[in-house]
Amino acid sequence: MTALTPELTELAGAYGVSTEFWDWQGRHSLVAADTLVAVLSALGVDAGTPERAATALRQHQEERWRRMLPATLVARAGATPWFWMHVPDSEHAEVWVELEDGAVRHDVWQQDHWVDPREVDGALVGEATYQLPGNLPPGYHTLRARVAGREASAHLVVTPEGLTLPEGLGRVWGLAVQLYSLRSQRSWQLGDLADLTELATWSGHELATGFLLVNPLHAAEPVAPMEPSPYLPTSRRYANPIYLRVEEVPEYGYLDAPARAAVERMRTALHDALADADLLDRDAVWRAKRTALGLLHRVPLMPGRQAAYRSYVEAEGPGLEDFATWCALTEVHGPDWHAWPEPLRDPRSPAVTEFRRVHAGAVDLYRWMQWLLDEQLARAQAAAHAAGMRLGVLHDLAVGVHPQGADTWTLQDVLASAINVGAPPDAFNQQGQDWTQPPWRPDMLAETGYVAYRDLLRTVLRHSGGLRVDHVIGLFRLWWVPQGMAPTAGTYVRYDHEALVGILVLEAWRVGALVVGEDLGTVEPWVRDYLRERGVLGTSVLWFERDGEGRPLPPERWRELCLATVTTHDLPPTAGYLTGEHVLLRDSLGLLTRPVDEELAVDAADRESWLAALRERGLLREGAGEQETVEALHRLLLWTPARLLGVALTDAVGERRTQNQPGTDAEYPNWQVPLHGPDGRVLLLEEVAASERVRALARAMQA
């Protein structure tokens, strides 16, 4: 076991790695030295011995002085921040800014701020201090410098001060839906983007909803078994073509008769095989859709469509090419790129270039699918607005990606290896969590100007009225768990939140979208203040809203700038939660750390405290049934100042089954449960639209 030395502690601090933290029960905990060594190793730092840790610390300090400019500067519009520049001692430097529109600004002035020079590599290096002008427009610019015949550049990101809600928005309510679970008579046994368009159009017109919040639609691997979790995607930048409605691809109308008949047979066969299935079967759905889309891909594009496709591909650039190539490679070599032939593990290798040439048709198929997804996503958002929704579709951004997936292959330079993202123990997951996802490397994000991060945000936000950021605290710090260690053996690694939140604000500002941060769990108080300052809305879930004494927080004291809901996708629907089913489920899966009777008693007392609060306000009568109680809980949201009110579609229809049980993988069929009604029967979209129960809850939300 490695010893915790002063050198190791200082080195960890230099890289933003926490050596101590306070747990969910307020206890102070020290991080084990072995954890620190493993985390630093993932950052490219050898700290295996005190001597190597001391050497690494010295190199880290000297590296800054070897740079002429920082790798990336992030500033807020209107601010005039200072930045350092390293030059040969006593030399004069020229500094200027190139704006992203091509304009050049020379009003970057040196400040009178003395810093002692330092000897680096045998030469004396001075540190000059400069100030950026305060009227730089938001955007991605370049800071340039020239001194003694040498030039250097830095990424310069100028972000808006903060987001503001759309003018005249007022208070809006909307539905939250796990799209894959909501099938219609015309879908291929899995909810798709045509179903999303129908739900948006119907709910906007009939229920006066202002938004639809959907689960992450990120891409999954295109071969079986397809990962069911929308929060463990292969890529966060691109979407899953399983959500395409085949019949709404324009080229479907030009299929010849035999091909169209083949497509119809595939859809019919899926219906016959899966209509009564208790769980969703993504693999069967994707096999059929992949075949059908292959037939459609053979239909020549008309000149206008071809021009639009070419423009989309050019705009997406190398990122789309890499993703499509990875998809084609998985069909030949499987989804885990670590097991591919060595030359194919590097996306820039000659072997990959040759594969792309030989398999050009397959690569183009996956490029083309993303274009179709972009079109159908745009159609859903346009339909939502046409139906009167103020915001339209709100998309969801997962925390990370699958360790074997496309993003980890294409972004090897900015994702950490041998590390998983997770969460320390808390009241709901008392053994901690390991989400198996590799985290961003904060050092490499800065080194590359956050390009990968801003590309994914731009793509996800393109056709949305807003973005929910899952575990938004990950923009400040993430719980890193070295592979092979328990979740309890991890530690926090800090990120440059001014950069990550600032770029998020910039991308949302550019398209007029709002941002909701899922700020549940263990959150440092100042973080919520910072997010509010930047215009990022928070998340309030009724069951978790309590005061310092553990009592239900009066709704008048809830936050205004938040999305308020009764439940969340990580809890059972409210009808199930009211019976304590989540406790029994966690007990059956071995997730409790105290006796089940004790857990049930605590849970029952917690629920009763909320029901008592409803009765005190006259919202719930004694002896009320399940549906009446669910409606009363949602009416309580109307007493809060929250600007966004969310209703899970599962609550609207009376579903009881849990969609996801955190802390499990194969033990529970997470993300595979189709939408059911209170009688346990699968509900189709057409039945949801005809449901009086849904309309009753909608009337309550419109009060």
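Return, for the Cα atoms of the chain, the radius of gyration and Dmax in Å, separated by a comma.
According to the Cα coordinates of the chain, Rg and Dmax are 26.7, 83 Å.
Across the stretch 531-543, in residue order, what do the Karplus-derived ³J(HN,Hα) couplings come to in whole Hz, using 6.51 cos²θ - 1.76 cosθ + 1.60 with θ = phi - 60° and x for Gly and Pro?
Whole-Hz 3J(HN,Hα) from phi for the stretch 531-543: 4, 4, 4, 8, x, 8, 6, x, 10, 10, 10, 3, 4.
Can you give the accessible area per residue of the chain, in Å², using a 1.4 Å probe? The partial results should precede the final answer.
Values: 28330 Å² over 703 residues.
Accessible surface, normalised per residue, equals 40 Å².
Given a 1.4 Å probe and every protein chain left where it sits, what share in percent of the accessible area of the stretch 482-634 is carbon and sulfur?
50
Please state the Cα pair-distance histogram of the stretch 70-136 with 5 angstrom bins from zero: what percent is in each bin?
Per 5 Å bin, starting at zero, the Cα-Cα P(r) for the stretch 70-136 comes out as 4, 15, 23, 25, 15, 10, 6, 2, 0 percent.
Over the stretch 401-521, what lengths in whole Å, largest first, do the semi-axes of the equivalent ellipsoid take, defined as the square roots of 5 times the eigenvalues of the alpha-carbon gyration tensor?
Semi-axis lengths for the stretch 401-521 are 25, 18, 12 Å.
Output ³J(HN,Hα) for the stretch 197-209: one whole-Hz value per residue in order, computed from phi by the Karplus curve 6.51 cos²θ - 1.76 cosθ + 1.60 with θ = phi - 60°, and x for Gly and Pro.
In residue order, the calculated couplings are 4, 5, 5, 5, 5, 5, 5, x, 6, 8, 10, 6, 6 Hz.
Taking all pairs of different Cα atoms in the stretch 309-451, averaging 1/r and flipping that mean, what Kirkwood radius in angstroms comes out?
Numbers: mean 1/r = 0.0564 Å⁻¹.
Radius from the Kirkwood sum: 17.7 Å.
Of all the C-alpha pairs in the stretch 281-363, what % are more than 22 Å from each other?
Here the tail beyond 22 Å accounts for 37 percent of pairs.
Counting DSSP beta bridges in the chain, what percent are antiparallel, to the nearest 5?
Of the beta bridges lying entirely in the chain, close to 60 percent run antiparallel.
Let me check against my output: what whole-number percent is the relative contact order of the stretch 36-92, with C-alpha pairs under 8 Å and at least 6 apart?
21
Could you tell me how many degrees, from 0 to 90 and to the nearest 10, lie between the Cα long axis of helix 33-42 and the main elongation axis, the longest principal axis, of the Cα atoms of the chain?
80
What are the residues whose amide H is under 5 Å from the amide H of ALA648, where those residues sit 5 or more places off or on another chain and H is modelled from the backbone?
Here the answer is ALA176, VAL566, THR567, since their amide H atoms fall under 5 Å of that of ALA648.
If you filter the stretch 489-551 for GluC sites (Glu not before Pro), then keep DSSP loop positions with at most 15 other Cβ within 10 Å, what is left?
The qualifying sites are GLU549.
Can you list the residues, at least 5 places off or on another chain, whose amide H is less than 5 Å from the amide H of ALA239, using H built in the peptide plane?
Residues meeting the criterion, in which the H sits 1.01 Å from N, are ALA219.
Given a cut-off of 16 Å, what percent of all Cα-Cα pairs of the stretch 8-98 lie beyond it?
Value for the stretch 8-98 (Cα pairs over 16 Å): 67 percent.
Could you please state how large a percent of the accessible area of the stretch 15-91 is carbon and sulfur, counting protein chains only and using a 1.4 Å probe?
Details: 1820 of 3700 Å².
Result for the stretch 15-91: 49 percent of the exposed heavy-atom area is carbon or sulfur.
Only Cα pairs under 8 Å and at least 6 apart count here; give the relative contact order of the chain as a rounded whole percent.
15
Name the residues whose placed amide hydrogens come within less than 5 Å of the amide hydrogen of THR2, ignoring near sequence neighbours (fewer than 5 apart) on the same chain.
Here ASP34 satisfy the definition.
HN-Hα J couplings of the stretch 365-375 from phi, Karplus 6.51/-1.76/1.60, θ = phi - 60°, integer Hz, Gly and Pro as x?
Result, rounded to whole Hz: 4, 6, 4, 4, 4, 5, 5, 4, 4, 4, 5.
Could you work out what % of the accessible surface of the stretch 246-312 is carbon and sulfur, using a 1.4 angstrom probe and leaving DNA, RNA and ligands out of the count?
56
Could you tell me the largest-minus-smallest coordinate of the C-alpha atoms of the stretch 319-396 on each of the three principal axes, in descending order and whole angstroms?
Taking max minus min along each principal axis of the Cα atoms, the stretch 319-396 gives 53, 23, 19 Å.
The values are calculated or read from the model by the stated rules, or taken from the named source; none is laboratory data. All values reported here derive from a predicted model rather than from experimental measurement. Virtual Cβ from ideal backbone geometry, glycine too; neighbours counted across all protein chains shown. We work out accessible area using only protein heavy atoms, side chains counted, and drop any ligands, DNA or RNA first. Shrake-Rupley method; radii C 1.70, N 1.55, O 1.52, S 1.80 Å.
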